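Beneath this line is the structure, given in structure tokens, with notes to follow.
The values are calculated or read from the model by the stated rules, or taken from the named source; none is laboratory data. Predicted model only: the values in this text are computed from it and were never measured. Using ideal geometry, Cβ is built from the backbone for each residue, glycine included, and neighbour counts are taken over all protein chains shown. Remember, those area values only see protein heavy atoms, side chains included, never the ligands or the DNA or RNA. Shrake-Rupley method; radii C 1.70, N 1.55, O 1.52, S 1.80 Å.
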Amino acid sequence: MKEGIQRRDFLKRTALAGVGIAAAPYISLGKSSNKDKVRIALIGVGYRGRNHLQNLLNNPDVFIPAIADIDPEALKKANEMIDKAGHKKVDIYTGHDYAYRDMLERKDIDGVIISTPWLWHTPMAVDTMKAGKYAGVEVSAATTLPECWDLVNTYEETGSHCMILENVCYRRDVLAVLNMVREGIFGETVHARCGYLHDLRAVKFNDGKSYSGPGVEFGEKGHAEARWRTQHSLKRNADLYPTHGAGPIATMLDINRGNRFMSLTSTSTKGVGLHDYIVKHPAGGPDHPNAKLKWKLGDVVTTTITTARGESIIVTHDVNLPRPYSLGFRMQGTGGIIDFDYHTRRLFIEGQTKDHWWEEADPHLEKYDHPLWKKFEKEAEGGGHGGMDFFMDRAFVEAVKRKEHPPMDAYDAAAWSAITPLSERSIANNGEPQDFPDFTRGKCINNKPIFGIREDY
Ligand SMILES: NC(=O)c1ccc[n+]([C@@H]2O[C@H](COP(=O)([O-])OP(=O)(O)OC[C@H]3O[C@@H](n4cnc5c(N)ncnc54)[C@H](O)[C@@H]3O)[C@@H](O)[C@H]2O)c1
């Protein structure tokens, strides 16, 4: 297992210098057509959007006709990357929140990558599909059940695809475990664990200038995710970010493809971590205005999902306390069990490994290394988050180029994102079980797996 490749970038954000560009509804910076290439536009070129932008610039099959963002600084940084890559000038759509809709009217765009604050994901993905283009939408794709249905209904009405851009599905160990599950190494699957366990306190708060670091400001006074992400912790008690864990597990358990999420129960702890951070921070203290706020989000939210095949999945959301990064993956079945994470990878396979003992999982993960990683390891290096972003962006581009069904679709986007509103409702009702809608309307019974099947993307 090339652990170095995995670890190197997984928390690194693209950091680029630059100054502002004048905001105007539409600024034409050059001609934009290239018939031989797949034409991908971007909405949102903040930190994450620029990760995608770099992968697109690295892909010789891609031409970028246009980008949309409301932040002059983000646009300036994106333009610098475009210039540095020797790419033609792109057209910029900016000036107001709906400028991206003018971009969507263009005929020379095949697909759009959306990396904006959460509340924009579904409206932008719906508009993109209605404009007849492939939507690639960041995680989570939706924040409410009606939004989940909007994604599915719009896909079914328009035939335009929506790919949820869940990069962790392409993590090397995740793909190897997917292979192992499909090879039956763990027998019949029974139980899984996963989550998002990531100390985000220095992302939720900053000084209005740096992405992560000094300061206890957020909202108007914050920078990047602190401008919009933190408010969700004030207003919602739910698993706010379920898909990095639940997406990969869903692919392993054939969710929407022979199986589906049936119901969930969620519980939450008290929420004291953010207040504690503000009070103890040198830029904060007990008299800081933000120390008076009451945070709704519990520090640890634990959700148990049941599936139609009788498995259970424990999903943890843990982002307000000091802790190392983890997605806490476990897969267990009648043949054995694996725990896999950045720091621990151990397994037990009945009849193969020593009875009642954990064994180092890396040799097994190497043996079941996914063909995609074997084939594109070199290209993936430097592709963001240890290489997994390379595979995900490439998969979006290939699906658009070949006009094919993407490997993660609108039904996945809906089912995985639905964990947020359902967990919120369960917590509000003292852990009451909440049923998942069957977003496939019964098609999940006969649907066949689509993720990680092919060896070309
Ligand atoms: N998959 C991953 O590993 C990963 C990592 C980081 C972020 N993300 C996701 O990516 C998304 C963006 O996160 P980020 O870190 O880039 O945040 P960010 O705040 O740095 O960037 C968001 C960008 O969206 C722009 N924007 C806001 N409203 C807009 C509008 N109406 N029209 C056009 N642009 C608009 C902002 O100006 C900003 O540039 C989030 O959903 C986040 O959850 C995913």
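Residues that are within 11 Å of the ligand (Cβ to nearest atom) and assigned to a helix (DSSP H, G or I) were ranked within the stretch 238-262; the one that is nearest to PRO407 (Cα to Cα) is GLY247. Scanning the stretch 105-119 for residues that are assigned to a loop (DSSP other than H, G, I, E, B), open to solvent by less than 30 Å² (accessible area, probe 1.4 Å) and within 11 Å of the ligand (Cβ to nearest atom) turns up SER115, THR116. Within the stretch 56-66, being without any contact (Cβ under 8 Å) to a residue 40 or more places away in the chain and either in a helix (DSSP H, G or I) or near the ligand (Cβ under 9 Å from one of its atoms) (or both) holds for one residue alone: LEU57.
Sub-6 Å Cβ pairs linking a first residue in the stretch 431-457 that is free of Cβ contacts under 8 Å to residues at least 24 places away in the same chain to a second residue that is in a loop (DSSP other than H, G, I, E, B) and surrounded by 12 or more Cβ atoms within 10 Å (Cβ to Cβ), at least 6 apart or interchain, number zero.
Scan the stretch 220-237 for residues that are of a type outside the set (Gly, Ala, Ser) and more than 9 Å from the ligand (Cβ to nearest atom) and the total you get is 9. Do we find a residue being without any contact (Cβ under 8 Å) to a residue 24 or more places away in the chain and closer than 25 Å to ILE164 by Cα anywhere in the stretch 82-94? The answer is no, given that none of the residues of the stretch 82-94 is without any contact (Cβ under 8 Å) to a residue 24 or more places away in the chain and closer than 25 Å to ILE164 by Cα. Among residues of the stretch 135-146 being open to solvent by less than 30 Å² (accessible area, probe 1.4 Å) and away from the ligand (no atom under 12 Å from the Cβ), the one that is farthest from LYS403 (Cα to Cα) is LEU145.
Checking the structure you have, find out if any residue of the stretch 378-400 is touching a residue at least 60 places away in the same chain (Cβ under 8 Å), crowded, with 19+ Cβ neighbours inside 10 Å, under 25 Å from the mean Cα position of the chain (by Cα) and farther than 21 Å from ASN55 by Cα. Within the stretch 378-400, none of the residues are touching a residue at least 60 places away in the same chain (Cβ under 8 Å), crowded, with 19+ Cβ neighbours inside 10 Å, under 25 Å from the mean Cα position of the chain (by Cα) and farther than 21 Å from ASN55 by Cα. Of the residues in the stretch 210-219, how many are more than 13 Å from the ligand (Cβ to nearest atom), assigned to a loop (DSSP other than H, G, I, E, B), at pLDDT 95 or above and not β-branched (Val, Ile, Thr)? Within the stretch 210-219, residues that are more than 13 Å from the ligand (Cβ to nearest atom), assigned to a loop (DSSP other than H, G, I, E, B), at pLDDT 95 or above and not β-branched (Val, Ile, Thr) number 1. Residues that are over 15 Å from ASN58 (Cβ atoms), within 25 Å of the chain's Cα centre (by Cα) and not in a strand (DSSP E or B) within the stretch 76-95 comprise LYS76, LYS77, ASN79, THR94, listed in sequence order. Quick one: count up the residues across the stretch 120-134 that are assigned to a helix (DSSP H, G or I) and more than 15 Å from the ligand (Cβ to nearest atom). Going through the stretch 120-134 one residue at a time, the tally reaches 2.
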